[in-house]
Amino acid sequence: MDRVFIEGLSVAGKHGVQEHERRIEQEFVLDISATFDARKAAGTDKIDDTVDYVRFRDIVREIIENETHYLNEKIAQKIADRILEDERIVEVTIAIRKPAVLPSGVPGISITRRRV
């Protein structure tokens with residue numbers, strides 16, 4: 001399988017367990033990787049024949065900028081569900097980090113979902 005990805009995608013949103021996290025925007029940094037068969041796109045050289053990482057960015061922005069959730073697990077699952085709507089995608093991995101939460105270290109979550 002082939003892989004399309006976007007790494008270091010920075011988006012601001014209001015998510016978290018603490019009340020102030022849902023009131024004040026904070027930075028979320030995401031890495032998204034999806035496996036699919038890229039042979040058709042390689043042959044045609046057409047964007048319609050590939051999985052476009054710009055769609056990943058748009059999904060992330062829609063969910064993180066316009067919704068509020070307590071857990072990064074919920075955010076990651078919603079993003080994975082939307083990405084897997086593209087039937088060409090076999091598997092997607094999403095990592096979400098919140099770089100400003102701790103004074104030392106960057107916490108986050110990573111999930112992998114496979115088409116069933």
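In debye to the nearest 20, how big a dipole does the chain give about its Cα centre with +1 on each Lys and Arg Cβ and -1 on each Asp and Glu Cβ?
In debye, rounded to 20, the chain gives about 240.
Please compute the per residue accessible area over the chain with all protein chains in place, 1.4 Å probe, rounded to a whole number of Å².
Counting only protein heavy atoms, the per-residue value for the chain is 60 Å².
What longest region of the chain stays clear of trypsin sites (Lys or Arg not before Pro) that DSSP places outside H, G, I, E and B and that have at most 14 other Cβ atoms within 10 Å?
That would be 47-114.
Find me the longest stretch of the chain that has none of the exposed GluC sites (Glu not before Pro), where exposed means in a DSSP loop (not H, G, I, E or B) with at most 12 other Cβ atoms within 10 Å.
Segment 1-84 is the longest.
Set Lys and Arg Cβ to +1 and Asp and Glu Cβ to -1, take the dipole of region 55-116 about its Cα centre, and tell me which of Ile96, Leu71, Phe56 lies farthest positive.
Of Ile96, Leu71, Phe56, it is Ile96.
Please give me the summed charge of the neighbours of Glu91: other residues whose Cβ is under 10 Å from its Cβ, Lys and Arg +1, Asp and Glu -1.
+4
Run down the lysines and flag those whose C-alpha is under 23 Å from the C-alpha of Lys14, throwing out any fewer than 8 positions away in its chain.
The qualifying lysines are Lys74, Lys78, Lys98.
Ignoring ligands, DNA and RNA, what percent of the 1.4 Å accessible area of the chain is carbon and sulfur?
49 percent
Just checking my list (1) 50, 26, 26; (2) 50, 33, 25; (3) 59, 28, 23 against Cα extents along the principal axes in Å computed from this structure; which label fits?
Here the calculated entry is (1).
In whole Hz and in residue order, list the ³J(HN,Hα) couplings for region 50-67 that follow from phi through the Karplus curve 6.51 cos²θ - 1.76 cosθ + 1.60, θ = phi - 60°; x for Gly and Pro.
Each residue of region 50-67 in turn: 10, 9, 8, 5, 5, 5, 4, 4, 5, 5, 4, 4, 4, 6, 6, 7, 10, 10 Hz.
To the nearest 10 degrees, how steeply does helix 72-83 sit against the main Cα axis of the chain, on a 0 to 90 scale?
For 72-83 against the chain, the angle is about 20 degrees.
The values are calculated or read from the model by the stated rules, or taken from the named source; none is laboratory data. What you are looking at is a predicted structure, and each value in this text was computed from that prediction instead of being measured. Virtual Cβ from ideal backbone geometry, glycine too; neighbours counted across all protein chains shown. Surface areas here come from the heavy atoms of the whole protein model, side chains and all, with no ligands, DNA or RNA. Shrake-Rupley method; radii C 1.70, N 1.55, O 1.52, S 1.80 Å.
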